[in-house]
Amino acid sequence: ASPKVVFCSRLVGGLCLRMKTCGSFDCVVIGVDADGLRIDADSLSSDEDQFLLNRKSMFHSVVAMAAGLRFGDASMMDEVFCEIPSLVNHAPEAVVKYIVPVFYTSLLQWDDMRRFVSAFILDHLLTMPDVDWGCGCSAWSISKVGLSVLQSSVFSATLSESELDECCELWREVVCKCVANHVRIDLNVLIHLEDNVFISESAIHSGTYRDHVLGATLIGILAEKVSTAYRDEVLIPLLESYSSISMPIEVQGAALHSIESLARTMTPHQILETLWPHLTAALERNCSDMRLQAEALNMIVRVSDYIYVSCESEEGSKSILSELLVPVILYEAEFAESVVTNDLKLIEDAENCMSRILRYAVSIGPLLLYSGAPAEVQRKLVGTLQALSRCEDIRVRQNLAYGLPAICLLMDVDDVQAEVLSCVSSLFNDSDSFVLATCASGFSKVLEILSKRKGINAVSVLIPAFITLLRDPDAEVQMRLIDGFADAIKVISDVGGAETVGQVILYCVPTMWAIERAWRTQKVLIEQIESCAHCIPSHTLVAHCLPLLKRLVVNGVSVVKRAAIRATMKCLALLEQHKDFDALIKRYYSGLRDARCTTRILLVYAAKDALEFTSMEMFQTVYLPVILDCTRDRYSSVVLRLIEFLVELYKTVDVVEVKIKVENAVDEVRSVNNDGDIQCWIDQFDEFRKTTRNDRMPRNDRS
């Protein structure tokens, strides 16, 4: 009785196709016989809802997709592969249960593109935290088939070297994620890895560099999963072999990256004896490819942080870090000065590794200071930083600006304050907008650090730079500075007092008024003013901040209006003791009743914010009467927002006088407004009022 239906697998992968025939709903089900794929339409249920809720039925299309991958022709396989990524996002466990087993049984027979897509799908699944890999397949099976792909010559000769690298890198990611997160490491797993993954000593001098990259990466993954004995007897010797200068640079880099995981399993003294020599050796290799030096510095910073945290005593960590970092910083200082003065072509490296090297070198500064290194070493670092601040290459100065807070920590060293301030001033007055934007991002942190240094008037040093950055014509510089405006104002308040804050705001106001069209910048500026309003003196709030906010309330876009009205109510709450408070309320709150509809509707939001910022007594006396006057507003949109607020207010406030006023206001709206949406809120209010009254009434009187 059911019709035969033939349709493309794209529909199978997306939806269970239902056909309504004579009142019954049919689901298309794919079955497999000896001849291949057949499609039948079988009646499953006469109840659509029951059919849709039947979990077993919902997996029919996934089973069909698995069958299409296993038995279908090339066209059908391509259609199924097109559907799997979207299915992963909606039903990942179904993909793991039905689709993934097809991968590790059929994958070696597929072509290069299907193997690549399979790796992409698996990599996406492995990044999803809540997927259960125990339902029908094993992550170890995925690891083994991935290893088979990597160590076999299944890839065709048509792939270019870069395409082959990309495919192998993706499969390495899949194998490493499986082993790291989903595979329980036991003796059988280790034996298989030693025999097949090229981490055995005998395999060091055989295989391609891609094999060695995988082996070097697995050292770090296995480090925290195996015993100490296995680490010392197998992994450490392999690390030495993989980090040898005879290995390709990609293998050396992977070995260096594994050092961080190995370090977490060792004491600081073991790190000093076993791992640190590999880092310093990589750092000092005369290699034209700077990626290795960048990775070595990256690991030095990370391992040094670990030593700083893990040492049992402060003195112990200081002595170890001093011993480790002094040679590194001297070498890097000399290298950086030579690059700036003699060898600028290194900065043009395609990988942009010089920028990374500078960033990591600057990060060592605080650790070097903490370690108590000799003053002459720290002076050497300051001199290098001065040279870098004058470098012609923008990326060098930008990365130096990124580390500006760390540079300011070196102010504790005797006799270098002038040099550090010169470096800071040079960067804040740079001619490049990218450098200035980076400086603006860290301005509040720099101000905070300098304000704690003796003998430095941080406000007088940095406020001119602050005002200059705020007036910069580049929108990105302005945005980054404004993003930390509140933090900067709080520091200025702590250091220079409220009057200094008032002077800074006075200088900034012309620029604030000029920010007309950049609504995102306006919104951030308003939020920053709200956050630091308690630090701004009252006369400055009245004379400058409130007029600015009112202008944005009237002329801004909707999100700016909403932010501005909230900041206005915060300022008014701070001005309750001001002698002109009544006039301020009339101008900035009550006056909204006479504005246009789009602005008048903000009066409701203003009352809601006032309820948050002020006391209930002040709200009941000053703010509530104004909002209740809007019950007869001629625009339903205003009344709708009002009734929503009144219902919320009635539910949350326990003051009897307020509840009575709200009830009277709702009754008045009921009598004059028959808008459907408004009546829905009134019905909700009536239901809540009835329920609460019944709850308070004695049980015998409820009838």
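In this structure, does ARG587 turn out to be under 22 Å from VAL554 (Cα atoms), part of a helix (DSSP H, G or I), of a type outside the set (Gly, Ala, Ser) and open to solvent by 70 Å² or more (accessible area, probe 1.4 Å)? Quick ask: steps written out before the conclusion?
Details: under 22 Å from VAL554 (Cα atoms): yes; part of a helix (DSSP H, G or I): yes; of a type outside the set (Gly, Ala, Ser): yes; open to solvent by 70 Å² or more (accessible area, probe 1.4 Å): yes.
Spelling it out, ARG587 is indeed under 22 Å from VAL554 (Cα atoms), part of a helix (DSSP H, G or I), of a type outside the set (Gly, Ala, Ser) and open to solvent by 70 Å² or more (accessible area, probe 1.4 Å).
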Return the pairs, sorted by first residue and then second, in which the second residue is part of a helix (DSSP H, G or I) and open to solvent by less than 10 Å² (accessible area, probe 1.4 Å), the first residue lies in the range 521-540 and is within 17 Å of GLY556 (Cα to Cα) and among the basic types (Lys, Arg), the beta carbons are less than 9 Å apart, and the residues are 6+ apart or on different chains.
LYS523/VAL560; LYS523/ALA564
For the range 153-191, what are the residues that are modelled with pLDDT under 80, open to solvent by 60 Å² or more (accessible area, probe 1.4 Å) and assigned to a helix (DSSP H, G or I)?
GLU161, SER162, GLU163, ASN181, LEU187, ASN188, ILE191
Taking into account only those residues within the range 117-144 that are touching a Leu at 6+ places or on another chain (Cβ under 7 Å) and in contact (Cβ under 8 Å) with a residue 24 or more places away in the chain, which is most open to solvent (accessible area, probe 1.4 Å)?
PHE120
Sole exception among (1) farther than 25 Å from VAL662 by Cβ; (2) modelled with pLDDT under 85; (3) crowded, with 21+ Cβ neighbours inside 10 Å for ARG520, by number:
(3)
Which numbered condition ASP112 fails, given (1) surrounded by fewer than 20 Cβ atoms within 10 Å (Cβ to Cβ); (2) in contact with a Leu (Cβ under 7 Å, 6 or more places away or on another chain); (3) over 18 Å from GLY146 (Cα atoms):
(3)
Name the single residue, out of those in the range 84-99 being open to solvent by less than 20 Å² (accessible area, probe 1.4 Å) and within 30 Å of the chain's Cα centre (by Cα), that is nearest to SER162 (Cα to Cα).
ILE84
Residue among ARG551, ARG566 that is part of a helix (DSSP H, G or I), at pLDDT 90 or above and of a type in the set (Lys, Arg):
ARG566
All conditions in (1) out of contact with any Phe, Trp or Tyr (no Cβ under 8 Å at 6 or more places or on another chain); (2) part of a helix (DSSP H, G or I) are true of GLN577 except (2)
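Please find, among VAL658, VAL626, VAL638, the residue that is among the aliphatic types (A, V, I, L, M) and either within 21 Å of ALA583 (Cα to Cα) or not in a helix (DSSP H, G or I) (or both).
VAL626
The values are calculated or read from the model by the stated rules, or taken from the named source; none is laboratory data. This structure is a prediction, so every number in the text was calculated from the model and none was measured. Neighbour counts run over all protein chains shown; Cβ positions are idealised from the backbone, glycine included. Side chains are part of the model used for accessible areas, which takes the heavy atoms of the whole protein and leaves out ligands, DNA and RNA. Shrake-Rupley method; radii C 1.70, N 1.55, O 1.52, S 1.80 Å.
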